[in-house]
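The values are calculated or read from the model by the stated rules, or taken from the named source; none is laboratory data. Because the structure is a prediction, the values reported are computed rather than measured. No Cβ is skipped: glycine too gets one built from the backbone with ideal geometry, and neighbour counts run over all protein chains shown. Heads up: the accessible areas ignore ligands, DNA and RNA and are worked out on the full protein's heavy atoms, side chains in. Shrake-Rupley method; radii C 1.70, N 1.55, O 1.52, S 1.80 Å.
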Amino acid sequence: QLQASGGGLVQAGGSLRLSCAASGRSSSTYDMGWFRQAPGKERDFVASISGMSIFTYYTDSAKGRFTISRDNAKSTVYLRMNSLTPEDTAVYYCAGAIAPDTWRKGTAAHYDYWGQGTLVTVSS
């Protein structure tokens with residue numbers, strides 16, 4: 001089970017840190033990802049991280065602005081978002097994948113577990 005939090009309203013240029021708390025004994029081994037869905041659009045990949053934090057992967061729009069990290073002792077994955085723009089406005093979802101190397105695939109269909117989403121609104 002995944003529980004996302006940390007969304008909110010922020011001005012353009014601001015920052016937010018999203019958190020995703022996972023439950024389950026094996027959750028620390030899962031590859032984890034963040035996706036987002038803007039109104040009327042498909043759910044898009046944002047970033048992912050491998051189970052032992054060795055590998056990370058970002059969509060082009062997130063590179064240099066967003067940082068994904070995890071604290072397996074706390075069973076929590078984070079998404080630090082800097083230099084936010086109105087185009088980043090969306091519901092952000094965290095997801096977990098049992099299969100190894102999912103982190104490199106960047107597609108929602110490969111993920112097994114999903115959080116409920118947290119809304120990020122960036123005002124201009």
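Please grab the % of Cα pairs in the chain that end up more than 24 Å from each other. All intermediate terms of the calculation are to be shown ahead of the outcome.
Details: 1352 of 7626 pairs.
I get 18 percent for the Cα pairs in the chain exceeding 24 Å.
Quick check: net charge around residue 76, other residues with Cβ under 12 Å of its Cβ, Lys/Arg +1 and Asp/Glu -1? Don't skip to the end; give the middle numbers.
Working: positive: 17, 70, 74; negative: 71.
Net charge in that neighbourhood comes out at +2.
Carbon and sulfur atoms: what percent of the 1.4 Å accessible area of the chain do they account for? The partial results should precede the final answer.
Details: 3190 of 6440 Å².
Taking all protein chains in place, the chain shows 49 percent carbon and sulfur surface.
How big is the equivalent ellipsoid of the stretch 1-57 along its three axes, where each semi-axis is √(5λ) from the Cα gyration tensor, reported in whole Å from largest to smallest? Working shown, then result.
Details: eigenvalues 107, 37, 33 Å².
Each semi-axis is the square root of five times an eigenvalue, giving 23, 14, 13 Å.
If you count only protein heavy atoms with a 1.4 Å probe, what accessible area per residue comes out for the chain, rounded to a whole Å²? Write out the running numbers ahead of the final one.
Working: 6440 Å² over 124 residues.
So the chain comes to 52 Å² accessible per residue, rounded to a whole number.
Determine the distance separating the Cα centre of the stretch 16-57 from the Cα centre of the stretch 58-124; give it in Å without decimals.
That distance is 4 Å.
May I have the extent of the alpha carbons of the stretch 70-116 along their three principal axes, as whole Å values ordered from largest to smallest?
Taking the Cα atoms of the stretch 70-116, the three principal extents are 34, 27, 21 Å.
Under 20 °C and 1.002 mPa s, how fast does the stretch 41-98 diffuse according to Stokes-Einstein, given a Kirkwood radius computed over C-alpha pairs? Answer in µm²/s, whole number.
Values: Rh = 12.4 Å.
Once the numbers are plugged in, D ends up at 173 µm²/s.
Counting DSSP beta bridges in the chain, what percent are antiparallel, to the nearest 5? Mind showing how you got there, number by number?
On the way: 37 of 41 bridges.
So the antiparallel bridges in the chain amount to around 90 percent.
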